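Here's the structure we're looking at; comments come further down.
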Amino acid sequence: MESRLAIAKWRARYQHGIETLMAMEGTLDDLKESASGSFELAYHDEDDRPLLEALSRLFRAKTPELNYTAPHIAAWQPPHNRRIRIGFCSQFLVGYTIGKLYQGLIRGLDRQHFEVVLIYPPQVKRDAVRQALSQSCDGAIELRGRQAEWQAQVAALALDALFYPDIGMSPATYFLAHARLAPVQLVSYGHPDTTGIDTLDYFLGADAPLEPQ
């Protein structure tokens, strides 16, 4: 961007675009690339929360299927006499920065207390990092089909917690995170920006306690 004034201009245009789409009738049918235009907002050095919250509200309003709740949520109770079942969901838990950053956390969780499942969106590359991480966990699945089928496949795991190492780098996990698929849903540093998604409950930092996002 050539100036702070230019940044302000384009951010105002972005906000206007969201408002225009919200006012239009109809729904959004193809979400594949719909979220890709928000990635660069993080580079403006501005508060992105209002914009990304507005973007999330737009998708919720125009794509009702995103607002899914897993069947086990209503009757869920905190785990007693069993391991906590946690899922890690990312397109980048492979030989990539995300895989390198989070492999220690995934492998280091005490398996006496945690049951760990990896969740991969479709068409994620199969490499040595993915294979090693999968072998270190209690299970690993690759999502198949379309959005509603992904939601059902994750819901079938009956997770206690669902961790997204990154939100904002992949449309697949961005849209999946709009569903309530576990009683506790977390995000972390994978993309250094707020998500604006109200079904993400916590941000997991490096050496601080869990705090509301």
Arg82/Tyr189 FRET efficiency (R0 25 Å; Cβ-Cβ; nearest 0.05): 0.25
May I ask what percent, to the nearest 5, of DSSP beta bridges between residues of the chain are antiparallel? 10 percent
Using alpha carbons only, how many degrees (0 to 90, rounded to 10) separate the axis of helix 4-23 from the longest principal axis of the chain? 80 degrees
With every protein chain kept in the model, how would you rank Trp76, Trp10, Trp150 by accessible area, 1.4 Å probe, largest at the top? Trp10, Trp76, Trp150
How much accessible surface does Arg11 have with a 1.4 Å probe, in Å² rounded to 10? 30 Å²
Answer with one residue from Ala132, His113, Ala161: the one whose Cα lies farthest towards the positive end of the charge dipole of region 95-178, charges on Cβ with Lys, Arg +1 and Asp, Glu -1. Ala132
How much length, in nm to one decimal, is gained on full extension between Gln123 and Lys9, taken as 0.36 nm per residue of separation minus their Cα-Cα distance? 37.3 nm
Ignoring ligands, DNA and RNA, what percent of the 1.4 Å accessible area of the chain is carbon and sulfur? 54 percent
With a point put 7 Å past each Cα toward its Cβ, work out how far Ala152 is from His72 in nm, to one decimal. 1.7 nm
Estimated dipole of region 49-181 in Debye, rounded to 20 [Cβ of Lys and Arg +1, of Asp and Glu -1, Cα centre]: 120 debye
Report, in degrees rounded to the nearest 10, the 0 to 90 angle that the Cα long axis of helix 49-62 makes with the longest principal axis of the chain. 80 degrees
Hull-based mean projected area of the chain, where the convex hull spans the alpha carbons, in square nanometres: 12.9 nm²
Distance in nm between Leu21 and Asp110 label points, each 7 Å along Cα→Cβ, equals 4.5 nm
Cα atoms only, region 126-174: Rg and Dmax in Å? 12.1, 30
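The values are calculated or read from the model by the stated rules, or taken from the named source; none is laboratory data. Everything numeric here is computed off the predicted structure, so don't read it as measured data. Neighbour counts are summed over all protein chains in view; Cβ atoms, including those assigned to glycine, are modelled from backbone coordinates with ideal geometry. The accessibility values were calculated without ligands, DNA or RNA, using every heavy atom of the protein model including side chains. Shrake-Rupley method; radii C 1.70, N 1.55, O 1.52, S 1.80 Å.
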